[in-house]
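Please treat every number below as a calculation from the coordinates, not as lab data. Note that the structure is predicted; figures quoted are calculated from it, not measured. So basically every Cβ, Gly included, is an ideal-geometry build from the backbone, and we count neighbours across all protein chains shown.
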Amino acid sequence: MNAAEFKRIIQNQEIERNKILSEPGIIPREINIDHIKKLLLYPNALVILGVRRSGKSTLSWLIMDKNRYAYINFDDEALYGIKSSDLDMLLKAFYDLYGSSVEYFVFDEIQNVEGWELFVNRLIRTKKVIITGSNSNLLSRDLATHLTGRHSDITVFPFSFREFLRYKGIDYKDIIIRGYSTEVSAQILKLLAEFMKFGGFPESYKFGLERAKSIFGDIVSKDVIRRYSIKNIKSIEELAKYLIYNFSAEMTFSKLRNISGIKKIETVKNYVNYLTNSYLIFYLERFSFKLKQRIISPKKTYCIDTGIINSIISVSSDNLGKIMENVVAVELLRRKAYSDNYDIFYWKDASQREIDFLIKREKSVEQLIQVTYSSSREETNNREINNLITASKELRCNNLLIITWDYEAEEKIEGKKIRFIPLWRWLLT
């Protein structure tokens, strides 16, 4: 590819980017941009990771703010199949357009170019570089090999409920203050139901669940099948759908092998890893103080977005508790990535008593969380409470929380204080 072709693509993408940035309704993300800017010091690459269409590109543009920068998105069909040997010509095209003094470069989905790492490694010696990617393997393997100690990374998630409300033009802080009134409570529950249905992709709010389904297809086809050159396309597609169908549920690799018909368990493990690397799904380990026990126990899988779930399967009212659980799982992961540092597990004992989420910090179990679709104390299953008390005693943890649909209280049961909090309030605070 010659410089003229690159310049045409760069300019076309610039027109599209400026159009997006000029549109009203760009929502400031909950990530601290001022902190991120401090990470953008050479020789150092800033790596923005996350699921496709979660806003990585927009975040990179907001980080650049008023700085003059060179930008290209390698997820453009016109660039499909380019080689690492073409990247110097791309650099020439940038310098022709912006001058050699341009200091900032933003590369979207550069992992599509095999051998890109050496190019970036050379560039960051004199320039400031942002890389975005829809595959966590970009960091764990590609960057670790060539940019050891020379990159900082952040992970971007789809919209949180707080960001969803901002998108809707609603002051969520005001809702927290006024949330005890019947009118406000009814309003926020309606908005929460909408968020649970459409998830966190802004495009789903504009174009409906068909867009979420399209994002699911792009993740599987571009970030998994194309990225890993998978030949058995039908098997990976069916496995991805099976895991979506069985969200908020336990799975084992041997069970997945039996269901999928894939002969080798190692292939199943690889396929699941590819789907987690693409951020489509993630799983939690069952908690144990013994590492070996964590590894061999069943995992609990979740989808990165409830909009994707609802676009693939018809969720009945019986499954709303599982949808709530998935929302909580994503939010816990988001908070861990954005501002906190803890480990997330689920817990189950030999009697099959289960806790949805166990939060561990360093060597201590910090909090136990149950999620239930209940609007009153009477609707709350006693099993949820009993499991919480049992786990509290066994794990020596007294921070006990039950996230409900619309019930708030604090009770002392068997000497243990349990807080009940509505999902919307937990998501907003």
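Observations
- Rounded to the nearest 20 debye, the dipole size of the stretch 160-429 about its Cα centre is 1100 debye, using +1 on the Cβ of Lys and Arg and -1 on the Cβ of Asp and Glu.
- Long-range HN-HN contacts of I31 with modeled amide H, under 5 Å: none
- Exposure proxy ranking, count of Cβ atoms within 10 Å, fewest first, for T126, T306: T126, T306
- Selection from A193, T306, N270 lying farthest towards where the dipole of the chain points positive, charges on Cβ: N270
- Residue-by-residue Karplus 3J(HN,Hα) for the stretch 56-66, coefficients 6.51, -1.76, 1.60, Hz, glycine and proline x: 5, 4, 4, 4, 5, 5, 5, 5, 5, 6, 9
- Axis of helix 182-198 versus longest Cα principal axis of the chain: the two differ by about 50°, to the nearest ten degrees.
- Under 19 Å from the Cα of K393 - lysines, other chains or at least 8 residues apart: K290, K348, K360, K363, K412, K416, K417
- Placed amide H near Q370: partners under 5 Å, 5+ positions off or other chain: L401, I402, I403
- Fewest-first ranking of H151, H35, using other Cβ atoms within 10 Å as the exposure measure: H35, H151
- Antiparallel DSSP beta bridges within the chain, percent to nearest 5: 45 percent
- Karplus-derived 3J(HN,Hα), 6.51/-1.76/1.60, for each residue of the stretch 394-402, Hz, glycine and proline x: 5, 9, 6, 10, 10, 8, 10, 9, 10
- Residue list for the stretch 324-366, given a label point 7 angstrom along the Cα-to-Cβ vector of I296 and an amide N cut-off under 18 Å: 348-352
- Helix-only CD estimate at 222 nm, as mean residue ellipticity for the chain, using -39500 (n - 2.57) per DSSP H run (n ≥ 4): -13000 deg cm²/dmol
- Furthest towards positive pole of dipole, I215, Q370, S317, structure part the stretch 160-429, Cβ charges: I215
- Hz values of 3J(HN,Hα) by residue in the stretch 274-283 - Karplus curve (6.51, -1.76, 1.60), Gly and Pro given as x: 4, 5, 6, 4, 8, 6, 5, 10, 8, 9
- Amide H partners (placed H, <5 Å) of A45, local residues excluded: H151, S152
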